[in-house]
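The values are calculated or read from the model by the stated rules, or taken from the named source; none is laboratory data. As the structure is a prediction and not an experimental result, all values here were calculated from the model. With ideal geometry, Cβ positions are generated from the backbone for all residues, glycine too; neighbour counts draw on all protein chains shown.
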Amino acid sequence: MEGLLDHTLRDVLTRVGGVDVCVSEFIRVTNTVLPRRAFVRVVPELLNQSRTPAGVPVKVQLLGSDPVCLAENAAALAELAPYGIDLNFGCPAKTVNQHRGGAVLLDEPELVGQIVAAVRRAVPAHIPVSAKMRLGYNDDARAEDCALAIEAAGASELVVHARTKAHGYRPPAYWDRIADLRQHVRLPMVANGEIWTVADALRCQEVTGCDRLMVGRGMVTDPGLALAIARHRATGEALLPGQGVAWSRLQALMLVFWHGVSARVATRHRAGRLKQWLNYMRRVYPQAQQAFDTLRLVHDAHQIDQWLADQQRLPTPV
């Protein structure tokens with residue numbers, strides 16, 4: 001989730017618990033080998049053994065269309081000892097697709113396979129190379145071809161977002177098509193798309209046959225979602241949205257988030273970042289709605305500093 005789920009929010013969400021592995025936002029590869037600082041800027045966890053402060057490992061995602069250039073960048077990245085390297089064949093953004101990146105490559109399964117194979121050859125065997133794809137670009141006619149190409153090229157894992165680029169993020173997610181892909185490839189597969197609740201996670205697992213799930217917007221909206229899913233697996237308890245982590249805990253984590261944003265984001269943009277997260281969380285937490293309403297017209301970072309400090313002093317119902 002470029003522009004929101006960056007290393008600052010990864011830090012906060014992994015402190016809640018329930019997350020096994022993170023994947024970074026994509027690093028765009030064009031026609032040059034990026035310097036070390038370019039990788040570290042997007043994934044500072046590389047300076048911490050490729051783990052968040054909570055100890056959750058982070059894969060670094062690359063996006064591009066040139067197998068040679070991607071391989072050269074993957075080799076440079078490998079020197080920083082990432083937990084894994086992931087390849088993006090799923091981004092639906094128009095500007096990305098116009099520059100031959102992301103989901104548009106799903107119309108070219110042969111090229112998809114060449115990219116994965118080139119990166120796999122360029123990276124030491126102990127570093128996993130995985131891929132994420134959608135079901136296709138305008139339709140899903142070549143989904144099986146792409147999955148087979150990724151498997152044949154030596155990927156260790158495949159994440160499938162169960163929509164095409166044309167579907168965007170509109171519900172539903174076509175989980176049954178992930179089940180179809182699993183009939184053709186033996187590659188370990190992770191299901192992604194429209195997982196907002198524990199009930200969604202259970203239905204997705206049942207339909208797809210995947211025991212591993214990737215959550216993005218659902219986790220930003222309900223930071224306790226992964227923890228709630230993990231608890232259900234351990235105890236059978238099915239928590240409702242918002243029950244995975246109390247609002248009082250999120251108040252403390254919002255302060256961590258704000259400090260992280262303040263350390264690296266220009267003052268004029270800081271308020272927008274906090275409100276962006278609150279905008280997601282208000283779908284689940286009434287307190288987030290109240291906070292969003294209070295801060296909606298606030299743009300002064302110092303005012304938000306004061307508001308957050310006040311929140312830490314106020315007794316908050318769980």
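Quick notes on this one:
- Check on residue 54, touching a Lys or Arg at 6+ places or on another chain (Cβ under 7 Å), among the small types (Gly, Ala, Ser) and assigned by TED's automatic domain parsing to the domain that holds residue 99: yes
- Just one of the numbered conditions (1) surrounded by fewer than 21 Cβ atoms within 10 Å (Cβ to Cβ); (2) touching a Ser or Thr at 6+ places or on another chain (Cβ under 8 Å); (3) aliphatic (A, V, I, L, M) is not true of residue 34: (2).
- In segment 128-244, counting only helices (runs of 4 or more DSSP H) that sit wholly within it, the ones holding 2 or more residues that are in contact (Cβ under 8 Å) with a residue 60 or more places away in the chain and at negative phi span 217-221, 225-235.
- Residues located in segment 126-143, provided they are in contact with a helix residue (DSSP H, G or I) (Cβ under 7 Å, 6 or more places away or on another chain) and either within 25 Å of residue 201 (Cβ to Cβ) or modelled with pLDDT under 95 (or both): 131, 133, 134, 135, 136, 140, 143
- Residues within segment 103-127 that are part of a helix (DSSP H, G or I) and either over 23 Å from the mean Cα position of the chain (by Cα) or free of Cβ contacts under 8 Å to residues at least 60 places away in the same chain (or both), tallied: 17
- Verdict on residue 149 being assigned by TED's automatic domain parsing to the domain that holds residue 72 and in contact with a Pro (Cβ under 6 Å, 6 or more places away or on another chain): yes
- Residue ID - nearest to residue 180 (Cα to Cα), chosen from residues in segment 196-221 that are surrounded by 19 or more Cβ atoms within 10 Å (Cβ to Cβ) and more than 14 Å from the chain's Cα centre (by Cα): 208
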